[in-house]
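Here the structure comes first, spelled out in structure tokens, and everything after it is commentary.
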Amino acid sequence: MIRNAILSSVALLALAACDAPESANAPEAKPPEAVTPAASADAASANVLTPLGYGPLKIGMTQAEADAAVGPPPANAAEAEPSECRYYHPPRAPEGLLVMVENGILTRLTATKDSNVKTEDGVGVGDDGEQLKARYGAAATVTPHKYQGTPSAYVTLWPGKPQLQGAYVTDPTARGLVFEIGQDGKVAFIHAGGPSIQYVEGCS
């Protein structure tokens with residue numbers, strides 16, 4: 001008799017639980033938090049390498065403006081005449097980032113093996129070359145390396161200028177990127193800026 005009463009009580013409790021509002025049994029699901037990439041993009045925008053420059057360094061600025069932004073060139077570069085090409089690491093630039101100044105105008109930036117600088121797409125020195133080619137596909141032009149065999153190559157991008165792909169560009173207003181892939185199949189250098197990104201021997 002007592003056993004039957006207990007069983008009846010348990011059954012009633014179970015029934016009541018089933019009839020209870022769903023919100024009482026489980027916490028209310030929260031909508032996913034909105035992603036706000038703008039804030040992170042703004043924070044990172046000064047620290048990414050683009051065809052237009054890097055941080056305070058803007059392609060097209062004068063030697064004096066570059067000096068004010070990241071410091072003057074070292075003595076060995078400063079000795080070159082302003083009409084010549086200066087290719088150097090400024091004292092206040094990130095490690096492994098070289099600037100090229102031609103005729104007194106900043107024309108190119110280069111991320112080298114010692115650099116942690118990355119592009120807007122997150123590509124950096126040391127990334128896999130084959131993955132890079134697959135990533136950009138037909139938007140990039142892949143050409144053989146001048147001095148090294150495969151897998152070494154140049155992967156060139158002129159964003160927003162498909163008509164420039166595959167040609168040697170001389171338009172001083174053009175802005176692009178060249179990813180130089182080394183013999184290990186990894187990105188060895190990233191050149192950003194104007195037509196001088198096509199140089200294969202420093203200033204030539």
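The distance separating the Cα centre of region 162-203 from that of region 134-152 comes to 11 Å.
Separation of the alpha carbons by more than 22 angstrom is noted, of Lys113/Lys186; Lys58/Lys161; Lys161/Lys186; Lys118/Lys186, for Lys161/Lys186.
Remark: region 119-204 is approximated by an ellipsoid whose semi-axes, taken from the C-alpha gyration tensor as √(5λ), come to 19, 15, 12 Å, largest first. Suppose R0 equals 22 Å. What FRET efficiency, 1/(1 + (r/R0)^6) with r the Cβ-Cβ distance, do Ala134 and Asp114 give to the nearest 0.05? With R0 = 22 Å, the Cβ-Cβ based efficiency is 0.25. Considering the zone a paramagnetic label at Glu65 would reach in this model (a point 7 Å from Cα along the Cα-to-Cβ line), which residues of region 82-104 have amide N under 17 Å from it? Under cut-off, by backbone N: 99-104.
If you plug the beta carbon distance of Tyr168 and Arg92 into 1/(1 + (r/R0)^6) with R0 = 41 Å, you get a FRET efficiency near 0.75. Treating r as the C-beta distance of Lys186 and Lys58 and R0 as 41 Å, the FRET efficiency rounds to 0.90. Accessible-area rank, largest first, for His89, His145: His89, His145, with all protein chains present and a 1.4 angstrom probe. A cut-off under 13 angstrom between Cβ atoms defines the neighbours of Lys146, and their net charge, with Lys, Arg +1 and Asp, Glu -1, is -2. Assuming a ≥ b ≥ c are the square roots of the Cα gyration tensor eigenvalues, decide whether region 67-114 counts as rounded (a/c under 1.5), prolate (otherwise, with a/b larger than b/c) or oblate. The shape class here is prolate.
The values are calculated or read from the model by the stated rules, or taken from the named source; none is laboratory data. Values in this document were obtained by computation on a predicted structure and should not be read as measured data. Virtual Cβ from ideal backbone geometry, glycine too; neighbours counted across all protein chains shown. SASA here: full protein model, heavy atoms, side chains in, ligands and nucleic acids out. Shrake-Rupley method; radii C 1.70, N 1.55, O 1.52, S 1.80 Å.
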